[in-house]
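The values are calculated or read from the model by the stated rules, or taken from the named source; none is laboratory data. On a predicted model such as this, the values are computed, not experimentally measured, just so you know. Please note: Cβ atoms are built from the backbone with ideal geometry, for glycine as well, and neighbour counts cover all protein chains shown. Note: areas computed on protein heavy atoms with side chains; ligands, DNA, RNA excluded. Shrake-Rupley method; radii C 1.70, N 1.55, O 1.52, S 1.80 Å.
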Amino acid sequence: MAKIEDNLLNIQKQIVNAKQRANTDQTVNIIAVTKEVDVNRTKEAIEAGLTNLGENRPEGLTNKLQSINSNVSWHYIGSLQTRKVKQVINDIDYLHSLDRLSLAEEIEKRATKAVKCFIQVNVSGEESKHGLTKQQTLEFVKQLGQFSKIIVVGLMTMAPFTEDETVIRQVFKQLKQLQQEVSQLNIPNVPCTELSMGMSNDYEIAVEEGATFVRIGTALVG
């Protein structure tokens, strides 16, 4: 298995190149998606300098937290069942899958501190993907100003798994446009300045289109 340090250097280089192509100097945060790897491989990621780690199951998150005592930010990147909110909400720094009012209400009830959340948007409209439509997102954020424990830092989406770069790019462009629309609503607790988009196969396109967080598993940690 390739060294994470070598993988990270390659990914960082590709991100720099993508930023140059887009003529942007935005900060791009790399989330190491450690959901499929064990504790030792996760520790190797931290030793390589990665400070953002992504998990998608409560059990996986708990297991890592019990074994890893490092100053890292934990990102919950999977769909979160309302009944499991209490298992994870006070152990994570970011939630990338806020997509319904019942989930927001449960977070408000269970969280002991404000949680940075991304609203999950299903830009592509694929039935296999979770998330809100564009119109639902605009209506949803207007309901979130009342919640003191939720800070909507941005929007998240997943592009279709395709080799057609035009399709992928269009999805990311639409999310960027929606993020700007939400930000301009000036809703309390909804700054919506960030974009969580791009994975191992399409992160370069995502960076070109404005991603500030990329979620990379296979290409980084395996």
* To do: Any aspartates and glutamates with Cα under 13 Å of the LYS134 Cα? List them, leaving off those in the same chain fewer than 8 positions away.
  => ASP99, GLU181
* **Rounded to whole Hz, the Karplus (6.51, -1.76, 1.60) HN-Hα couplings of the range 200-214, x for glycine and proline** => 3, 8, 9, 5, 5, 5, 4, 5, 4, 9, x, 4, 10, 10, 10
* Considering only protein heavy atoms and a 1.4 Å probe, what is the carbon-and-sulfur percentage of the accessible area of the range 122-222? -> 47 percent
* Average accessible surface area per residue within the range 126-222, 1.4 Å rolling probe, Å² -> 46 Å²
* Asked: By per-residue mean of other Cβ atoms within 10 Å, what is the highest-first order of 55-66, 97-108?
  -> 97-108, 55-66
* To do: Enter the Cα centre distance for the pair the range 129-195 and the range 35-80, rounded to the nearest angstrom.
  => 25 Å
* Structure fact -> Taking 130-140, 187-197 and ranking on average Cβ neighbours within 10 Å, highest first, one gets 187-197, 130-140
* **Ratio of the Cα radius of gyration of the chain to 2.2 N^0.38 Å, where N counts its residues** => 0.98
